[in-house]
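Have a look at the structure below before the remarks.
Just so you know, all these numbers are worked out from the coordinates, no wet-lab data involved. Just so it is clear, the model here is predicted, and its values are computed rather than measured. Here the Cβ positions follow ideal geometry from the backbone for every residue, glycine too, while neighbour counts run over all protein chains shown.
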Amino acid sequence: MHLIPQSWSHLHILVGVFPSFGLVIVLGFYIGGLLTDNNGIKRTCLALFGLVALLSVPTYFSGAGSMAVLSRNPSISKDMMSIHYGWGMAALLALVVTGIVAWVELWRAGRDGRASNVARYLVPGLAVVAVALMVVADGWEINHRELRSTVSIPDVSTSPVWPHVHMILNHVPTVGFVFALAFYIVALVTKNDGMTRGSLILFVICGIAGVPTYVTGTASMWALTQPPIPEISKAVINAHRNMALWSLFGLGFTGAAAWAELWRYRYFAHFSKLSLTLVLLFAVVTLGIMTETGHLGGQINHPEIRLAAEMLPTDANAGISSALETLMKNVVWFIPWQVVHFFGYCLILGSVLAVALRVLGFWKSVSFAAVHRLLILGFLGVLMNVFSGMLMMLADSYRYVVNDYTFAPKIAFITIGAVAVLYFSLSDRLWNLKAGEDAPVAAKCVAAGVLVAWTGVIVCGRMLAYL
Amino acid sequence: MDEFQVFVAVLAINACVLGVALFAVYQFNKVVSRCGR
């Protein structure tokens, strides 16, 4: 692995994603800081807006350097590069303005001791404009010709939508994790409980996002190899997916430890130092694994970042993924994990049903805190099902991700359902709901959404065998 | 023989996974029971 970029293109690929995804994450955190009136979060976010804006310098120079190199390549569209350059410049300008305004506001708030409307409205507004321009600038298609593929063989080809979705989605857990870790370290150093909670939430969201990222990655593998695309090696993809599996485990461990601490925090209103250290340890190791995963993923379709002396993988069946595939094709291993999967569903739906129905107005004689304890059962069910589901998918991934119409909606429902359940473990208003009291309307809407999402998971999962 | 192997594997793997899960639930509940809510 070479972490230090050896070319402009490599630097542009590495740095270019941080302003866009980073800005979205910092913006989300900043809004959280405004809503909870947490000065530590607001100040950290204003500083980060400026730091993200500083990335516009390497982004611009690496982009200009990449253009100079890629313009000599006849297979790269110059029109597409010009469009990306134009919108990219507008986006970087908006980013720089956002950063300057944020840093001026940080200085002014430090002097006056209070935030102004500039901080409340102008900074987030400018950030939204910068993100919108970055979305329009979309430079991914310049080098990813497979996204424009018009060759489609019925019952063989996988939609080029999957690689596109995977390229966007994989930056949520990766870039998100970098920012979550940054916020987490600042929170631990400044002993800011609100920011600690925020970073733990971000770890959980990154863990949840790991599931659709892994699944869309598997679909992308089939899209790029069946039928084969010239210059794309299945052995390189296989090396990436082997490391992606470890990343999924790392995200799972970090997200699970973070959620368990958020759940425990409800009861004691303070964090356990041991748990926080454990989350930090998992996060650092996971970030290292994800860095290698991202590097191997970049090698799949970016020949310009490969070094002459670098040895690329040559065996498409090497490593843990193929070994698990072979194992899970045997019914002696498949059926037991399928039974674990069904037990997991029972735990998830049972606990979610009880909590959601209490919020909707059933069993008002019990407080929300009483049903809150059941969430741990659903949480363990989710862990069981992510692990068993991943094993079952490996048994016949082509059938699941390409041929089954209900697999994609099932994964979407899991993501929505898991994020929505997070609300139950975070909401202060729900936690303080006493016996006999009615839940707020917003909580009832979330509860209804949670029930729809998890029912959708069950229905789509059962339909896998038939549709 | 295959059916028997599958049966034993189902029992063994599920006993292990559910055993670990239920032990975790017991431990988590024991910890938060000290809070009184």
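A few remarks follow.
- ³J(HN,Hα) computed for each position of region A:179-192 - Karplus, 6.51 cos²θ - 1.76 cosθ + 1.60, integer Hz, glycine/proline x: 6, 4, 5, 4, 4, 5, 5, 4, 5, 5, 5, 8, 6, 9
- Among A:E310, B:E3, A:E141, the ranking by other beta carbons within 10 Å of each residue's beta carbon, starting with the fewest, stands as B:E3, A:E310, A:E141.
- Multiplying the residue separation of A:F342 and A:R462 by 0.36 nm and removing their Cα-Cα distance gives an extension gain of 42.2 nm.
- Cβ-derived FRET efficiency at R0 51 Å, A:R72 paired with A:R114, nearest 0.05: 0.40
- Coil-residue trypsin sites (Lys or Arg not before Pro) of region A:187-258, DSSP, other Cβ within 10 Å capped at 11: A:K191
- Part-to-part distance (alpha-carbon centres) for region A:106-133 and region A:265-289, which is given in Å: 31
- Total lysine pairs under 24 Å (Cα atoms) in the protein assembly as shown, excluding pairs fewer than 8 apart on one chain: 10
- Estimated from the Cβ-Cβ distance and a Förster radius of 35 angstrom, the FRET efficiency linking A:L357 and A:D37 is about 0.60.
- Its Cα gyration tensor gives region A:153-306 an equivalent ellipsoid. The semi-axes, each the square root of 5 times an eigenvalue, are 35, 15, 11 Å from largest down.
- Cα lying deepest toward the dipole's positive end in the protein assembly as shown, options A:L374, A:V446, A:N432, charges on Cβ: A:N432
- A dipole drawn for the protein assembly as shown from +1 and -1 charges on Cβ atoms has a positive end, and of A:S116, A:Q6, A:S220 the residue lying farthest that way is A:S116.
- Under the Karplus curve 6.51 cos²θ - 1.76 cosθ + 1.60, θ = phi - 60°, whole-Hz ³J(HN,Hα) for region A:346-351, x wherever Gly or Pro sits: 4, 5, 5, 5, x, 6
- Placing dummy labels 7 Å off each Cα toward the beta-carbon, the span from A:Y405 to A:D438 is 4.1 nm.
- Our note on the geometry: Cα centres of region A:1-74 and region A:412-443, 33 Å apart.
- Charge sum, other residues only, whose C-beta stays under 12 Å from A:T455's C-beta, Lys/Arg counted +1 and Asp/Glu -1: +2
- Placing dummy labels 7 Å off each Cα toward the beta-carbon, the span from B:A12 to A:L281 is 3.0 nm.
- Amide H partners (placed H, <5 Å) of A:V366, local residues excluded: A:G436
- Nitroxide proxy distance, nm - points 7 Å out along Cα→Cβ at A:L327 and B:F23: 2.0
- Applying both filters, DSSP loop and at most 15 other Cβ atoms within 10 Å, to the trypsin sites (Lys or Arg not before Pro) of region A:327-433 gives A:K329, A:K364.
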